[in-house]
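Novice: Handing you this structure, nothing more for now.
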Amino acid sequence: MTNWIDFYDFKHSVIYVNARHRDVHYRTIAEDIRKLVPSPAAHVLDYGCGEATSADLVASACAKLVLVEAAPNVRASLTHRYASHPKIAVISPEQAAAMPKGSFDLIVMHSVAQYLSVAELDRLLAIFHSLLKPGGLFVLGDIVKPHLASPAAALALLRFGAANGFFWAATWGLMRIFVSDYLRLKNTVGLSHYAEAKILERLKRAGYAPERAGHNIGHNQQRMTFLARPV
C-alpha cells in the first residue's frame, strides 16, 4: 500500500476493530449528518463517505443523497448495497467534480481532510463552493488538531468501545494498528493537522463564512467540525 485510498480500499482494513465497531461508527456519523439536513427536499452530497452502512438514515431525511467514494472496491460495495434505494446514488470523485453548479443544499466531507495535502483540500473547497446552492451549507468534519492527536484518538476509541460493547476488541485493535500499514503510511505519506484558526482561515480564503460547530460529527469530540456557507 502506497497511499491512503489503497489502505481504506483493503477488504480487511484494521481501522475498524470488528463489524460492530464499523456499524456503530457509521450509524453515529449518519445520525449526526441527518441532523444537519435542512429540509426533506434537500439534495445532499457525502464526499469520502467510506462504507456508509447507515446512509439510509440520511436518505430518509432528504430528497437525494449522493455518496462519493474514491476507493474503487468500497465504491463497488456501496453501489451494490444501495442499488435498489431510490434516493441514493454512488459516484466517483471525478463524477462529483463534473456535476452542475448549484446542485446541493448540503455537502459533507467528514474525516477526509487529514488524508489530503493542503493543495488537495483547497481544490475540493473550490469544487464544493461551486456545487452548493445559494444559501447552502458545507460541513467539514473530524478535523484533527496538531497536538496529541494519536493519544486522543485512542482514548476516544476506547470510550466508544466501552459505550457500545466492543471495549476489548478496541484494545486489541489499537495494538494491531502498530503492526499494520497504517503506522507506516502515517510516517511516510503523513497526515494533515490543523489548528482551529488555520482551518477557519482556509475556509475564508475559499469564499466561505465559516464557524466551528459545537459538536464534532462522530464519536471523537477532541476533533473539530466546521460549518461554512458560501459568500
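The values are calculated or read from the model by the stated rules, or taken from the named source; none is laboratory data. For clarity, every value in this text was computed on a predicted model and none was experimentally measured. Cβ sites come from the backbone with ideal geometry, for glycine too, and all protein chains shown count toward neighbours. Protein only, heavy atoms only, side chains kept; ligands, DNA and RNA dropped before computing areas. Shrake-Rupley method; radii C 1.70, N 1.55, O 1.52, S 1.80 Å.
Novice: Place a point 7 Å from Cα of residue 27 in the direction of its Cβ. Which residues in the range 163-186 have their backbone N less than 11 Å from it?
Specialist: Taking a point 7 Å out along Cα→Cβ of residue 27, the residues of the range 163-186 whose backbone N falls under 11 Å are 164-165.
Novice: Follow-up. By a straight-distance test (C-alpha under 25 Å), which lysines pair with residue 35 as possible cross-link partners, with residues fewer than eight away in the same chain excluded?
Specialist: Cα-Cα hits under 25 Å: 64, 87, 101, 133, 145, 204.
Novice: A further question on this structure: Compute the distance in nm between two label points, each set 7 Å from the Cα along the Cα-to-Cβ direction, one at residue 3 and one at residue 187.
Specialist: Spacing of the two 7 Å Cα→Cβ label points: 2.3 nm.
Novice: For every helix of n ≥ 4 consecutive DSSP H residues, a contribution of -39,500 (n - 2.57) applies; sum these over the chain, divide by its total residues, and give [θ] at 222 nm rounded to the nearest 500 deg cm²/dmol.
Specialist: -13000 deg cm²/dmol
Novice: Ignoring ligands, DNA and RNA, what percent of the accessible area of the chain is carbon or sulfur (1.4 Å)? Each step should come with its number before you reach the end.
Specialist: On the way: 6520 of 11270 Å².
Of all accessible area on the chain, carbon and sulfur atoms account for 58 percent.
Novice: Okay, moving on. Can you divide the C-alpha Rg of the chain by 2.2 N^0.38 Å and report the result to two decimal places?
Specialist: 0.97
Novice: Do you know the relative contact order of the chain, to the nearest whole percent, from alpha carbon pairs under 8 angstrom that are 6+ apart?
Specialist: 22 percent
Novice: Could you work out the pair-distance distribution P(r) of the range 99-231 from its alpha-carbon pairs, with 5 angstrom bin width and percents rounded to whole numbers?
Specialist: Whole-percent P(r) values from 0 Å outward: 2, 10, 17, 20, 17, 13, 10, 7, 3, 0.
Novice: For the full complex of protein chains and a 1.4 angstrom probe, list 211, 69, 201 by accessible area with the highest value first.
Specialist: 211, 201, 69
Novice: Take residue 150 and residue 168, extend 7 Å from each Cα along the Cα→Cβ direction, and tell me the distance between the two endpoints in nm.
Specialist: My value for the distance between the label points is 2.7 nm.
Novice: Let me ask another. Could you pull out the chymotrypsin sites (Phe, Trp or Tyr not before Pro) across the range 125-231 that fall in loop regions by DSSP (anything but H, G, I, E, B) with no more than 16 other Cβ atoms inside 10 Å?
Specialist: Values: sites: 128, 138, 160, 166, 167, 168, 172, 178, 182, 194, 208, 226; in loops: 166, 178, 194.
Answer by residue number: 178.
Novice: List the aspartates and glutamates whose Cα lies under 13 Å from the Cα of residue 198, skipping any in the same chain that are fewer than 8 positions away.
Specialist: 122, 211
Novice: Looking at the chain, send over the antiparallel percent of its DSSP beta bridges, to the nearest 5.
Specialist: 30 percent
Novice: State the extension gain, in nm to one decimal, for the chain segment bounded by residue 63 and residue 94, taking 0.36 nm per residue of separation less the distance between their alpha-carbons.
Specialist: Full extension from residue 63 to residue 94 adds 8.9 nm.
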